[in-house]
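Structure record follows, encoded as C-alpha cells.
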Amino acid sequence: MSLEDERIAELLRKHDLKATPQRIAVMRVLLNGGHYTGEQIYNEVKKREPSISLSTVYNALEALENSGLVRSFEFMGVTWYEARLEPHVNVICVDSPERKIVDVDINVSSIMEALSSKGFVVKNLSLVAIAECNKSSSLSS
Ligand SMILES: [Zn+2]
C-alpha cells in the first residue's frame, strides 16, 4: 500500500468506515479534486483495479457519502460526486460542451441561520447554479 493509500485508509477508519481497497481507490480519485459521475470514477478506478464493477463503485460512493466524506448533487438526472466538503455553489456551465462545473465559495451562514431558526437540523447543503459561464470574468484562465 502506498503512503497515499495509507493516509486514505486512515481517513476512512476515522469516519468508522472499513478501509476496503475499493473504497480507497474511489476516494483516491475524488481527492484529486473536481466533480465526477459514478461512471467517470469507475473508469479511473478500473485502471488500477481492473476487476472492480460499476456497482461496487456505487456501493463505495454510498458508504463514503453516508459517512460524510463525499458530497453529491444532481443535474438533469446525473449525480455528481466530490470530496470538497466546504459549503460552495456548484456552477454548472450549460454553455460549455463538457458541462464544466465551477466551484464558487460563498458565505452560507444566512442560509444556515434561516434553516436552523425554523428548527431544521441541516445535514448537507447542496447548492447548484445553472449558468452561462463564457461571459464570466472569473473564468479567464
Ligand atoms: Zn463542487
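Every number in this text was worked out from the coordinates using simple rules, so none of it is lab data. Values in this document were obtained by computation on a predicted structure and should not be read as measured data. A quick note on method: Cβ atoms are made from the backbone with ideal geometry, for glycine too, and the neighbour counts reach across all protein chains shown.
Quick notes
- For the range 18-36, the residues whose amide N sits under 16 Å from a probe point set 7 Å from the Cα of R7 along the beta carbon direction are 24-34.
- Taking a ≥ b ≥ c as the square roots of the eigenvalues of the alpha carbon gyration tensor, the chain is oblate, as a/c is not under 1.5 and a/b does not beat b/c.
- H15/E74 FRET efficiency (R0 35 Å; Cβ-Cβ; nearest 0.05): 0.90
- Diffusion coefficient, µm² s⁻¹, Stokes-Einstein with Kirkwood Rh over alpha-carbon pairs of the range 3-82 at 37 °C and 0.692 mPa s: 263
- Members of K14/K47; K18/K47; K47/K135; K47/K123; K47/K100; K18/K118 lying beyond 31 Å, as alpha-carbon distances in this model show: K47/K135; K47/K123; K18/K118
- Using a Förster distance of 35 Å, the FRET efficiency for S110-S51 (Cβ separation, nearest 0.05): 0.15
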